[in-house]
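Encoded as structure tokens, the structure appears first; notes follow it.
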Amino acid sequence: MSTNRTISIIKKIKDSEFATLRIKDTYSEPIDIDCIFKEYEPPSFFLVFPPDTFPADLDAGKKCTVSIKSEEDPVVFTTVITRQQGDRTLEMKAVDTVDPISLREYFRVFFQTTITASYEPSHLDSKEKAWTMKGDSVDLSGTGVLVIFPKEPLNKHNIFLDFDLPATGKSVHCIARIVRTKRIRKSRYQVALHFEHITRKHRDLIITACLQEQRKQLRERMESSNS
């Protein structure tokens, strides 16, 4: 049952804030999908998705989590799906808030670094081909990264990622899978990757770098507005 505190928090969220819906796929692996929060009657609210990103096989009553990227304090709710409206909107009902410690992995920030993605077939006689390509990150979080690649990756699973975190002087190595791919123009593909296998140490390095980058960007915005 939704608490008065949960309802109070929802009432304070601005309409059209950026949000992320986290659901589990058929293998019980988490998938994060970006969307927009729209006001309704607390503890209920709507999530509106960009075209062609609406998650499949979502039934009423299904439990999931929703993170709201508020300009003030981001928050994560445990929710249930009430109903689907059209092909881009879900009505949700917040049940409770998630422990603030869990917010760190949801936090996403504009972050630029070179991403090296590669794939190696698991069997020598496999018809799949090994490949490597480099791309530029758009944003980064403890759970995944959005990258611009010059080509569409040939595989969606077991993709090795290597990238540096410039401000920390550290490097990250992990295995990811592709959540979605969008061709934005010739020779440019926007690819969202979810970290499937990553050590706690490397995830913490990413979160630390994201928080540092957020503070840097906030400081730059404040200096710009005061100049």
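Just so you know, all these numbers are worked out from the coordinates, no wet-lab data involved. This structure is a prediction, so every number in the text was calculated from the model and none was measured. With ideal geometry, Cβ positions are generated from the backbone for all residues, glycine too; neighbour counts draw on all protein chains shown.
Using θ = phi - 60° in the Karplus curve 6.51 cos²θ - 1.76 cosθ + 1.60, the 3J(HN,Hα) couplings for the range 184-192 round to 9, 5, 4, 6, 9, 10, 8, 10, 9 Hz; x is entered for Gly and Pro. Dipole magnitude for the chain: about 300 debye, using +1 per Lys or Arg Cβ and -1 per Asp or Glu Cβ, origin at the Cα centre. Cross-link pairs exceeding 26 Å between alpha carbons, from the set Lys127/Lys151; Lys127/Lys156; Lys63/Lys201; Lys156/Lys216: Lys63/Lys201; Lys156/Lys216. Whole-Hz Karplus values for the range 38-55 come out as 10, 5, 8, 10, x, x, 8, 7, 10, 10, 10, 9, x, x, 6, 10, 5, x Hz, taken residue by residue from phi with 6.51 cos²θ - 1.76 cosθ + 1.60 and θ = phi - 60°; glycine and proline positions read x. The amide H of Ile115, built 1.01 Å from its N in the peptide plane, has Gly135, Asp136, Ser137 as neighbours under 5 Å, considering only residues 5 or more places off or on other chains. I'd like the FRET efficiency for Ser122 and Arg219, computed as 1/(1 + (r/R0)^6) with the beta carbon distance as r and R0 of 45 Å, rounded to 0.05. According to the calculation, E is roughly 0.50. Qualifying trypsin sites (Lys or Arg not before Pro) in the range 158-203, where qualification requires a DSSP coil assignment and no more than 11 other C-beta atoms within 10 Å, comprise Lys186. For a quick check, take a GNM of the chain with Cα springs below 10 Å and name the residue from Leu154, Leu205, Leu165 with the largest mean-square fluctuation. Top of the fluctuation ranking is Leu154. Highest mobility in the GNM of the chain, judged by mean-square fluctuation with C-alpha springs under 10 Å and restricted to Pro121, Pro153, Pro42, is found for Pro121. For the chain, the convex hull drawn through the C-alpha positions has a volume of 154 cubic angstrom per residue.
Relative to the longest principal axis of the Cα atoms of the chain, the long axis of helix 200-226 makes an angle of roughly 70 degrees. Loop exposure criterion: chymotrypsin sites (Phe, Trp or Tyr not before Pro), DSSP state outside H, G, I, E and B, at most 16 other Cβ atoms within 10 Å. Applied to the chain, the longest stretch between such sites is 41-227.
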